[in-house]
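Let me begin by presenting the structure, written as structure tokens, before commenting on it.
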Number of protein chains: 2
Amino acid sequence: MRIAELSRRSGVSIPTIKFYIREGLLPGGERTGPNQARYSQGHLDRLALIRALRDLAGLSVSAIARICAEIDRPGAAVLEQMAVVADALSGGDAAPAESPALEAALEDVRSYLEELGWKVRPEAPALLRLASALVTLRALYYPEMPAGAFAPYAKAALEIVTVELGERGALMLHEPALGLEGVVKGTILWEPVLLGLRRLAHEHVLGRR
Amino acid sequence: MRIAELSRRSGVSIPTIKFYIREGLLPGGERTGPNQARYSQGHLDRLALIRALRDLAGLSVSAIARICAEIDRPGAAVLEQMAVVADALSGGDAAPAESPALEAALEDVRSYLEELGWKVRPEAPALLRLASALVTLRALYYPEMPAGAFAPYAKAALEIVTVELGERGALMLHEPALGLEGVVKGTILWEPVLLGLRRLAHEHVLGRR
């Protein structure tokens, strides 16, 4: 398709498409003449991913450019690409300053997940996020809080994810046809649902007393 | 206690304490002389609540002042005070513009929770948050998405909250001794735990395939 059709079908303006190409977020089209290029479904998918990262995840153009560069690395498998996108979502907050308390919490979180039998990459940014939460909890509740305090949340998270990634839940997350932007949507869009329902469940359960 | 001791025990500086009194967040002390006043445990509790709302929930001084005014309303019961604090946490985002799509989603969310037997106030801000999430999901997935798509999240939320508010989980949330700032901590501090574990569970379950 020509750039005009790419713009129409993606809902992204032509100047913005050209900007994304200049910044390296979007590969250029296949040259078909001195002033013409042809674009493909791959360009549409990439624009959808860029919009999801920008509008839903709130990432900057430079952050999105880094993600795209990693995804476009020759030989990157789909699961690796998905991990790149997922990591970008978990690493959105600035990394907390390293500290002995954070190191200890990170070690505790890793051991705890190992006990549970969860297989996750030791460098997954979400681990750092959890360790950072544990540091705060220890500071505000009691210093010896074990990572095992996460148990009810881990159980619930695993149940949710089993449904999300199951046959009937496939629509919501990681449906291959939804592409990499499906990872962004599936991860981010359901978070306010989960948090909102937890808050309402507090009201419901307290009110029953 | 004198203001110096209140400052030392709360970790809030004397000028800040005086600022909070001027702005109506903190009641003045009991006058014991022309330049002296006595402060009580109630002042310590209030300062802890103010810090939690400011540092953990990121609320502005004027938002905190409104919350304090509601809490201090004569005759406010503890459960009402807790609802005021919880609502402030759910209403942090600007209310989305009213629209027919939002109205319809709100109606669907209310009916769905009614089916589940959840008793929540029809004006709870978390309902609006859920309806707003449903509007986004419908726009990005498919327009007829029913509120019943929330089912796995509602089930998980109820399980979590049953533990949180149970005997052994009382430490984490709504422990009366933790006071109203316990509501803020208990609500907010565990949210990154839940979201972080969901993200790691995605990695774990996808990796097993």
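Residues that are surrounded by 15 or more Cβ atoms within 10 Å (Cβ to Cβ) and charged (D, E, K, R), at least 3 per element: which helices (runs of 4 or more DSSP H) completely within the stretch A:1-106 meet that?
Result: A:41-51.
Select from the stretch B:118-135 the residues that are of a type outside the set (A, V, I, L, M), within 8 Å of chain A (Cβ to nearest Cβ) and in a loop (DSSP other than H, G, I, E, B) and list them in ascending order.
B:118, B:119, B:121
Please tell me if residue B:4 is in contact with a Gly (Cβ under 9 Å, 6 or more places away or on another chain) and more than 21 Å from residue A:203 (Cα to Cα).
Working: in contact with a Gly (Cβ under 9 Å, 6 or more places away or on another chain): no; more than 21 Å from residue A:203 (Cα to Cα): yes.
It is false that residue B:4 is in contact with a Gly (Cβ under 9 Å, 6 or more places away or on another chain) and more than 21 Å from residue A:203 (Cα to Cα).
Where a number appears in this text, it was derived from the coordinates with a stated rule and is not lab data. Keep in mind that this is a model prediction, so the values were computed, not measured. We place every Cβ from the backbone using ideal geometry, glycine too, and count neighbours over all the protein chains shown.
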